[in-house]
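Reading through the structure tokens given below for one structure.
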Amino acid sequence: MKAGERPERIYLHPLVVRLWHWLNAACFIVLIITGIQIRYRELPALTEFKTSVAIHNFFGFLLLAAYAVWLLYYLLSGNIRIYFPRNIMGFISGMLRQARYYAYGIFKGEPAPFHSTPEDKFNPMQLIAYFFVMFLLLPLQIATGVLLWDVVLFARPIGLAGGIRVVDIIHVLVSFFTVAFLVVHVYMTTLGRTPLEHIRAMLTGYEEDHV
Amino acid sequence: MTCHLSKGLSAAFSNGEKMSVFVDGAAFRNTVHKGLQCTDCHPKTVPGTHPGSVYASREAFSRDASAACLRCHDKGQITAKPHHAFTAAGGDVPPCTACHGGHGIRRISALASGLTENQYCLLCHGQRIGKTLRNGDWISLLIDTTDLAASVHNRHACSQCHAGYTRQRHPSARHGDSREHSIALSGVCAGCHDNKAAAVRNSVHYNLYLQLGETMISRGNPRAPVCTDCHGFHEVGPAALFRTLSGTPCRKCHAAVFEVYAKSVHGMASAQGKHAAPLCSSCHFAHDIGFTAGTGKMKAACIGCHEKVEESHRKWLPNADLHLSVIACAACHAPKAEKGIYLILHDQAKNRPVTREDLIDLLGADAAKLAPLVDRHGEGLDSAELSYMLRRLEEKGLGTGVTFLGRMDVNRYSDAHALSLKKGAVRECVSCHAPDAPFLKNVNVAIINAPEGMTRLRAAPGVLKSAGAVGALRQFYMLGGTRLSLLDWFGLAVVGGAVAVVGLHLAVRMATAQGRRARTGGIT
């Protein structure tokens with residue numbers, strides 16, 4: 001943007017989406033911390049083992065509820081299509097452009113190749129990441145979490161899934177990928193014109209588009 | 001006879017006993033000895049010095065007098081009858097007069113018509129008679145009439161148990177030793193108590209073996225108890241007797257367990273006479289006693305009295321139902337007991353344990369060779385050997401439904417009886433959910449073979465945390481205790497990689513910030 005230009009403000013994140021996002025974020029953080037406490041008993045304990053399990057279970061179900069709200073909202077509003085590419089060739093070329101930007105152009109101060117709109121919110125790399133998180137990782141994490149919550153009640157589906165060991169391994173693996181996603185996601189939010197631009201947008205709903 | 005026709009005269013013995021010296025002349029003239037003179041049986045009686053002899057006791061007198069019988073009835077004649085033969089062979093046999101009488105002497109068979117069956121039998125068996133067994137042991141055949149009168153069988157005729165013995169017929173059975181004698185006689189109990197006998201035939205007592213290769217009592221092992229070991233022979237008491245601490249017969253063979261039990265919360269309550277306190281048969285049952293470790297039987301016994309245990313555990317214990325299904329009650333309620341993990345081979349399709357016999361049949365080994373067949377290195381079953389065991393069973397037809405189910409239990413059976421007061425039970429989660437919990441180093445593969453027992457094959461301690469055992473142990477997991485270190489390394493790589501990429505990107509951004517400011521007029 002040149003000096004004197006005013007950025008255009010776009011209403012990108014409706015209230016429901018913002019509420020869901022921050023609730024989701026809180027759940028992620030609490031679940032990761034309590035998950036570490038449960039799994040790695042040799043680390044300094046913030047709470048009793050039983051308390052960590054109780055908190056983990058509570059926030060797990062909160063995450064399930066949040067996911068249900070997200071899914072309902074996006075299905076009923078029709079906006080779920082923002083998680084899917086419109087055409088494959090455009091998606092692939094867009095992804096290559098975006099990857100180049102992140103790997104090189106951003107260091108040179110080049111303008112971002114993608115501009116978000118309410119109908120096309122995610123750049124191709126965001127799209128593929130969020131697609132995997134929302135349609136694969138999170139459902140898998142929630143499903144395995146529910147099974148592990150009561151292995152007696154869910155003995156049969158656990159058996160069909162290959163046994164409790166298999167369910168637990170999936171749950172732990174997904175949690176590692178979730179932590180990795182969180183690290184990258186938090187960093188990526190700082191890649192706006194200012195470090196807090198995107199975070200502010202997720203609080204106010206308005207993104208500044210520097211066209 | 002002038003003196004001995006008088007009913008008032010008696011002889012005194014050194015021990016203070018007195019005996020009437022009256023002789024019923026009429027009764028004597030009715031006996032086979034009616035033609036004998038007094039001195040024919042009492043050769044020491046000399047008119048000038050009589051009475052002169054002083055005997056220590058009435059029995060001493062009877063013995064001395066009975067010695068006279070041999071003057072006419074030599075040993076050959078006496079031992080011709082089988083039931084005289086072995087009583088005369090040795091031991092503390094009663095004098096002839098004890099059974100046959102003194103002056104009113106009769107053949108025992110002649111006495112039969114005037115007596116009930118039991119009175120007739122007790123003519124001899126009320127005396128200190130016995131018999132010598134083939135191994136040379138002498139056993140008493142004396143029936144304590146006080147015990148018999150007090151028993152629950154006091155209205156039974158002798159022949160109801162001792163079938164084949166009548167007033168007319170007294171066969172002679174000589175067993176090899178006293179144990180064989182007990183086992184043989186216990187066989188009669190099933191005649192009336194067939195349901196109890198059937199229960200015993202399914203029990204660990206009937207099918208006992210102490211180690212691989214030893215035979216079972218059903219095939220002749222004499223070490224296992226039979227009916228009379230617990231109930232006695234003629235002194236069988238009422239069922240209520242067995243519901244008291246002092247009346248429990250199990251102590252005879254299980255003294256070590258009894259000692260532990262006596263100090264437990266149940267033992268102390270029993271000693272205080274609390275009727276609800278359990279005794280051995282409360283948990284193990286009286287006749288169909290089965291091996292309980294690793295099975296749900298013991299838990300069912302606990303819940304039989306502690307009905308609300310599931311509800312009460314759910315108030316404070318997360319995943320209470322899971323805990324109750326995989327942990328033996330004693331593992332938490334006998335807090336000082338050494339515990340271990342027992343991986344029980346389970347056929348999920350048939351929903352029952354895979355037994356030792358199944359393994360022997362399927363793997364083609366006998367009992368003694370089972371352990372070396374599966375634990376090929378002799379260092380405890382590792383993940384490869386566990387997987388090998390499952391694969392062989394699958395190949396042999398058990399299908400893919402065979403897996404190991406993990407249970408926590410105490411290692412020594414006696415410890416399972418050392419139950420503490422409620423406040424002493426384990427309640428801290430970290431007692432178990434810790435990577436260095438002691439029981440995680442004591443891992444066994446348990447092959448159930450109820451009702452006899454459980455074969456334990458030691459597993460390598462690291463097997464629970466081995467990635468190679470995930471397939472074999474797919475149904476066993478313990479929070480905080482069975483982490484796969486391979487998974488942790490993978491996690492470290494994934495998260496570490498993300499942090500590294502982000503860190504690198506940030507570093508390059510910071511390094512190139514000045515250049516960007518110059519190109520974009522102040523915007524970075």
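The values are calculated or read from the model by the stated rules, or taken from the named source; none is laboratory data. None of these values were measured; they are calculated from a predicted model. Using ideal geometry, Cβ is built from the backbone for each residue, glycine included, and neighbour counts are taken over all protein chains shown.
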**Report entry** First in segment B:321-337 and surrounded by fewer than 20 Cβ atoms within 10 Å (Cβ to Cβ), second anywhere and among the aliphatic types (A, V, I, L, M), Cβ under 6 Å, 6 or more apart
**Finding:** B:Asp321/A:Val152; B:Leu322/A:Val151; B:Leu322/A:Val152; B:His323/B:Leu317; B:Ile327/B:Met408; B:Pro335/B:Val426
Query raised in the report: In this structure, is B:Asp409 of a type in the set (Asp, Glu), crowded, with 16+ Cβ neighbours inside 10 Å and either within 29 Å of the chain's Cα centre (by Cα) or within 14 Å of chain A (Cβ to nearest Cβ) (or both)?
Result: yes
Query raised in the report: Of the residues that make up segment B:345-354, is at least one over 28 Å from B:Val265 (Cα atoms), touching a Pro at 6+ places or on another chain (Cβ under 8 Å), outside any helix (DSSP H, G or I) and not acidic (Asp, Glu)?
Result: yes
Query raised in the report: In this structure, does A:Thr178 turn out to be within 20 Å of the chain's Cα centre (by Cα), assigned to a helix (DSSP H, G or I) and of a type in the set (Ser, Thr, Tyr)?
Result: yes
Query raised in the report: Residues in segment B:444-462: is at least one over 34 Å from the mean Cα position of the chain (by Cα) and either more than 9 Å from chain A (Cβ to nearest Cβ) or over 29 Å from A:Leu173 (Cβ atoms) (or both)?
Result: yes
Query raised in the report: Across segment A:138-165, what is the number of residues that are within 30 Å of A:Gly94 (Cα to Cα) and either crowded, with 18+ Cβ neighbours inside 10 Å or within 12 Å of chain B (Cβ to nearest Cβ) (or both)?
Result: 2
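The rows are residues; the columns are (1) surrounded by fewer than 20 Cβ atoms within 10 Å (Cβ to Cβ); (2) outside any helix (DSSP H, G or I); (3) at pLDDT below 90.
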residue: B:Thr403; (1), (2), (3): no, yes, yes
residue: B:Ser414; (1), (2), (3): yes, no, yes
residue: B:Ile448; (1), (2), (3): no, yes, yes
residue: B:Gly462; (1), (2), (3): yes, no, yes
residue: B:Thr482; (1), (2), (3): no, yes, yes
residue: B:Leu487; (1), (2), (3): yes, no, no
residue: B:Ala500; (1), (2), (3): yes, no, no
Query raised in the report: What tally of residues in segment B:474-511 results from selecting those that are more than 8 Å from chain A (Cβ to nearest Cβ) and not polar (S, T, N, Q)?
Result: 14
**Report entry** Number of positions in segment B:395-406 that are within 14 Å of chain A (Cβ to nearest Cβ) and of a type outside the set (Ser, Thr, Tyr)
**Finding:** 6
Query raised in the report: Residues in segment A:83-91: is at least one outside any helix (DSSP H, G or I) and more than 27 Å from A:Gly192 (Cα to Cα)?
Result: no
Query raised in the report: Name the residues in segment A:166-196 that are more than 9 Å from every other protein chain (Cβ to nearest Cβ), surrounded by fewer than 16 Cβ atoms within 10 Å (Cβ to Cβ) and aliphatic (A, V, I, L, M), would you?
Result: A:Leu196
Query raised in the report: Just for helices (runs of 4 or more DSSP H) wholly inside segment B:86-152: which have at least 1 residues that are at pLDDT 85 or above and among the polar types (S, T, N, Q)?
Result: B:117-125, B:145-150
**Report entry** Residues satisfying the stated conditions in segment B:374-386, i.e. surrounded by 17 or more Cβ atoms within 10 Å (Cβ to Cβ) and either farther than 30 Å from B:Val257 by Cα or within 14 Å of chain A (Cβ to nearest Cβ) (or both)
**Finding:** B:Val374, B:Asp375, B:Leu381, B:Asp382, B:Ser383, B:Glu385, B:Leu386
**Report entry** Pairs, first free of Cβ contacts under 8 Å to residues at least 12 places away in the same chain and within 16 Å of A:His115 (Cβ to Cβ) in segment A:85-100, second part of a loop (DSSP other than H, G, I, E, B) and of a type in the set (Gly, Ala, Ser), C-beta under 6 Å, six or more apart
**Finding:** none
Requested in this report: Tell me which of these B:Val236 doesn't satisfy, since it passes every other one: (1) touching a helix residue (DSSP H, G or I) at 6+ places or on another chain (Cβ under 8 Å); (2) modelled with pLDDT of 80 or more.
Outcome: (1)
Query raised in the report: Within segment A:65-72, is there a residue that is part of a helix (DSSP H, G or I) and over 30 Å from A:Pro14 (Cβ atoms)?
Result: no
Query raised in the report: Within segment A:1-9, is even one residue touching a Pro at 6+ places or on another chain (Cβ under 9 Å) and within 13 Å of chain B (Cβ to nearest Cβ)?
Result: yes
Requested in this report: Output the residues belonging to segment A:104-128 that are in contact (Cβ under 8 Å) with a residue 60 or more places away in the chain and either more than 23 Å from A:Arg9 (Cβ to Cβ) or β-branched (Val, Ile, Thr) (or both).
Outcome: A:Ile106, A:Thr117
Query - Subset of segment B:30-73 that is among the hydroxyl-bearing types (Ser, Thr, Tyr) and part of a loop (DSSP other than H, G, I, E, B) - its residue that is farthest from B:Ser20 (Cα to Cα) - result: B:Thr31
**Report entry** Residue selected from segment B:514-523 under the condition surrounded by 13 or more Cβ atoms within 10 Å (Cβ to Cβ) and more than 7 Å from chain A (Cβ to nearest Cβ), by the criterion farthest from A:Pro111 (Cα to Cα)
**Finding:** B:Gly515
